[in-house]
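Participant: There's a structure below that I have some questions on.
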Amino acid sequence: MAMTDVLSAEDIKKAVGAFSAAESFNYKKFFEMVGLKNKSPEDVKKVFHILDKDRSGFIEEDELKFVLKGFTPDGRDLSDKETKALMAAGDKDGDGKIGADVLDFIPLRFTKEQQ
């Protein structure tokens, strides 16, 4: 499955482009721009599984660094600081990885006001 089977190619391009500068990544804005926050939990899980490159059922820090490339090959790598911030936001159970089964990933698509 391709990311564009779940999300709009145009939205992906705009969102990835908006965070092309180093240290500019904001996961809340990115997930809003890419259209993820309006998707069903099932569609969010589809996105999760696309990003889970090693099919472990988790997105580990080494996969998270390349999260923008999971949306489009033109995406940049996240910096270590950006990767750690995204991991801290998504790793709700403190196990050092983001899991779809415990729904660590799904809340990332919402802003604080929506939770």
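Participant: For the chain, what is the mean residue ellipticity at 222 nm derived from helices alone (per DSSP H run of n ≥ 4: -39500 (n - 2.57); sum divided by total residues; nearest 500 deg cm²/dmol)?
Facilitator: Details: 6 runs with 48 residues, N = 115.
Value at 222 nm, helices only: -11000 deg cm²/dmol.
Participant: When only Cα pairs under 8 Å and 6 or more residues apart are kept, what is the percent relative contact order across the chain?
Facilitator: The normalised contact order for the chain reaches 28 percent.
Participant: Give me the net charge of E60's neighbourhood, meaning all other residues with Cβ under 11 Å from the Cβ of E60; Lys, Arg count +1, Asp, Glu -1. Write down the numbers at each step before the final one.
Facilitator: Values: positive: K53, K65, K97; negative: D52, D54, E61, D62, E63, D91, D95.
Within the 11 Å Cβ shell, the charges total -4.
Participant: Using only the alpha-carbon atoms of the chain as identical scatterers, what base-10 log of I(q)/I(0) does the Debye formula give at q = 0.13 Å⁻¹?
Facilitator: The calculated log intensity ratios at q = 0.13 Å⁻¹ are -0.42.
Participant: Need the list of aspartates and glutamates near K65 for cross-linking: C-alpha distance under 13 angstrom, and skip anything on the same chain fewer than eight residues off.
Facilitator: E23, D52, D77, D80, E82
Participant: Counting only protein heavy atoms, what percent of the accessible surface of the chain is carbon or sulfur at a 1.4 Å probe?
Facilitator: Numbers: 3190 of 6220 Å².
That fraction is 51 percent.
Participant: Follow-up question, since we're still on this one. Tell me which of G75, L51, I12 sits at the most positive position along the dipole axis of segment 1-94, charges placed on C-beta atoms (Lys, Arg +1; Asp, Glu -1).
Facilitator: It is I12.
Participant: Would you mind checking which residues have amide H under 5 Å from K97's amide H? H placed 1.01 Å from N; only 5 or more apart, or other chain.
Facilitator: Long-range HN contacts for K97: none found.
Participant: Taking θ as phi - 60°, what are the ³J(HN,Hα) couplings along segment 14-31 by the Karplus curve (6.51, -1.76, 1.60), each to the nearest whole Hz, with x for Gly and Pro?
Facilitator: After applying 6.51 cos²θ - 1.76 cosθ + 1.60, I find 5, 5, 5, x, 5, 10, 6, 6, 4, 6, 9, 5, 10, 4, 5, 5, 4, 5 Hz.
Participant: Moving to a separate point now. Name the residues whose placed amide hydrogens come within less than 5 Å of the amide hydrogen of D52, ignoring near sequence neighbours (fewer than 5 apart) on the same chain.
Facilitator: Residues meeting the criterion, in which the H sits 1.01 Å from N, do not exist here.
Participant: Taking segment 18-55, which trypsin sites (Lys or Arg not before Pro) meet the DSSP loop condition and have no more than 15 other C-beta atoms within 10 Å?
Facilitator: K53, R55
Participant: Roughly how many Å is it from the Cα centre of segment 77-99 to that of segment 15-63, as a whole number?
Facilitator: Comparing the Cα centres of segment 77-99 and segment 15-63, I get a distance of 12 Å.
Participant: Hand me the GluC sites (Glu not before Pro) from segment 11-106 located in a DSSP loop with no more than 13 other Cβ atoms within 10 Å, in residue order please.
Facilitator: E23
Participant: Determine which lysines satisfy two conditions relative to K69: a Cα distance under 22 Å, and not lying fewer than 8 residues away in the same chain.
Facilitator: Partners found: K13, K14, K28, K29, K37, K39, K45, K46, K53, K81, K84, K97.
Participant: For the chain, set up a GNM with springs between Cα atoms under 10 Å and report which of I98, I50, I12 has the largest fluctuation.
Facilitator: Taking springs between Cα atoms under 10 Å, the residue moving most is I50.
The values are calculated or read from the model by the stated rules, or taken from the named source; none is laboratory data. Since the structure is predicted, the reported quantities are computational estimates derived from the model, not experimental observations. Methodologically, a virtual Cβ is constructed for each residue, glycine included, from the backbone with ideal geometry; neighbour enumeration extends over all protein chains shown. The accessibility values were calculated without ligands, DNA or RNA, using every heavy atom of the protein model including side chains. Shrake-Rupley method; radii C 1.70, N 1.55, O 1.52, S 1.80 Å.
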